[in-house]
Amino acid sequence: MEALFGYKRMLRIKDERIAALETENAMLYLKLAQSRSEIERIRKAKNVVVRLYEKLRQSVLLIAQNIDLEVKILKEECADLRAVVFSFLQGTPAAGAAAASKAHLQITRFINHSIDLNATAADTKSQLITCQMELDSVRERYAVEKSRRKNLHNELVEIRGNIRVHCRVRPILDLDNSDKSGWDEPIIMAIDEEIVSVQPPAVRRTFQAELPPAKTYEYDRVYGPDDGQANVFQDVKPLIVSLLDGYNVCIMAYGQTGSGKTHTMLGNPESDQPYYGEDSSPVTEAREGIVPQSAREIFRLLEAKGDELASYSVDVSLLEIYNNEIRDLISGQNKLDANTGPEGTIEVPSLQTRSVSSVTELMKLVRRGTSRRAEDATLIHDHSSRSHFVVTLTVTLIYKFSDVLLSESQPLISFMRRQPREATVLTPPLSRTSPLDSPSVLSCASSMTDFGVVYSPSLIAESKVRVKTKLQLVDLAGSECVGMSGVRGSALRESSYINRSLSALADVLGALAESSSHIPYRNSKLTYLLQDSIGGDAKLLIVTCVSPTQKYLAESQQTLGFGCRARMVQRGPVKKRRQSQGATSSRSPKSRSRSSPLLAKAKPRFY
Ligand code: ADP
Ligand code: MG
């Protein structure tokens, strides 16, 4: 009865929280939609201005061609005039008078023409300046709206937490009853989209007079056996938007061997169908895990950015951390060193990267990498992965700062640079000797020079902005206890390294939860390498994977407990800053492994 009241109260509190969050979410979605439609409106306005600019550009080019032609004619006429003056001085008065009247006509025509040219040039110049001002203002509004959209999106992601924990309960598989123990009864269930419940095992239910209540665990999102890859990726999508907005992102799968980590991250390698990237058929895509789907989304978003970007690149590196050593899965090189680079980012200097331009290319590399991955059979699962597998996608975006001007003004810029010089070639012989020293000719030349204001060198110099972000996708090694999987010898050594690195991960998350002044990233290669994508304003998603059956109950509970505690990182109240216990180096990795609060085993009431 008491339990029922407890449930009801919990439900009410949950309903209230949902209502509050839904309102906040709805407001943000509304603002986001407004921002997006504003961006669309500005984009259209920008297109109009760009078309106007193009028209003006054509007319300036036409004027430039005309001026070239006129300069040529004038040069010829000057030569004629010189000949006339020469014959006037040398020849008869009648011939001189005829030559003088011809010269007068030519001078008048020349002056009129110069005035015309000057007027057209001044007019075009003022139109160009207006057009540029409009373009500047549109570009400014566009930038403001884009950053508003970016902030709103980030707010939405942050409402859900910079560290999110999801839980995926896989379907029952043959391997759950491989020893015919009959322990394949599903006792771990997704109750709704946020709650997983663990029922008391069948044997207890039969013999106990009063049933202990089921234990529940709450996550940011829960997927049941029927939730496919597409459902899981729906919640990953916003993080890919954040990635292209400039935030580092890390997505990792945690759980015991056989719980569905590789399935979640890469796809289904067991099926006879290709599980990623061979083609783009819906069947293939339905099987794809987070890695290929994220890459697909990245390329889609990059395409959608279109004319905003001058260029972009997606670089891939693949590594595994095996026995706390980094191995390059592209080059096969072992024992690589990681260090902090000049920009404060974590780097593995000798790690090879490959530039990719499609999902197929990426997944071919990944496939080669996975076949190199260290594996050892355990009793749980034939292809037990005993190493952490990290796929890093580095996305570099080069934004056009002054989009149109840069790419389209080259002919104009070269014309502007050339024209004043040619104009001065025209003036010197005439300037001191004759009435051809006309102010209109000189001002015509200087007007053209003034166009240089429109294309100031600083504008051209500050024209590109580079953004580099990192997406790290991690298929962690199995989190099972050594005893459980029956490993001995070298595999036992592997397991202890795995335990240590996972406990180091737990310590890091614990220190983040406490807002500790020191986060012990350096306690394992795994946490050191993921430092950029776990701390700061980076976004971290942990997908905890569990089997639904009684057979793996102890391991599943350990995973569920880890997930719940990791979730407290964002949700828990921010405590006063202090030196974290995890940060003290006096503790041996072994003792850390035992005492790590995040790794501590859950103690359900009914065992
Ligand atoms: P892990 O990487 O955690 O050791 P796997 O991803 O290899 O586990 O999963 C073990 C087996 O279970 C694989 O055959 C995989 O295809 C299957 N499996 C895991 N999760 C699911 C799921 N959600 N739906 C269908 N099959 C799954
Ligand atoms: Mg695996």
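Each value in this text was obtained by applying a stated rule to the coordinates, not by laboratory testing. Predicted, not measured: the structure shown is a model, and the values here were computed from it. Neighbour counts run over all protein chains shown; Cβ positions are idealised from the backbone, glycine included.
Side notes on the structure shown:
- Along region 535-544 the Karplus relation, 6.51 cos²θ - 1.76 cosθ + 1.60 evaluated at θ = phi - 60°, assigns HN-Hα couplings of x, x, 9, 5, 9, 10, 10, 10, 9, 8 Hz to successive residues, with x for each Gly and Pro.
- Of the GluC sites (Glu not before Pro) found in region 1-81, no site is in coil according to DSSP while having at most 15 other Cβ atoms within 10 Å of its Cβ.
- Charge-dipole axis of region 302-344 as Lys and Arg at +1 and Asp and Glu at -1 on Cβ define it, positive-most pick from S313, I330, L302: I330
- According to the Cα-based calculation, Rg over Rh for region 46-154 is 1.39, with Rh computed by the Kirkwood formula.
- Largest first, the three principal axis extents of the alpha carbons in region 293-344 are 44, 29, 16 Å in whole numbers.
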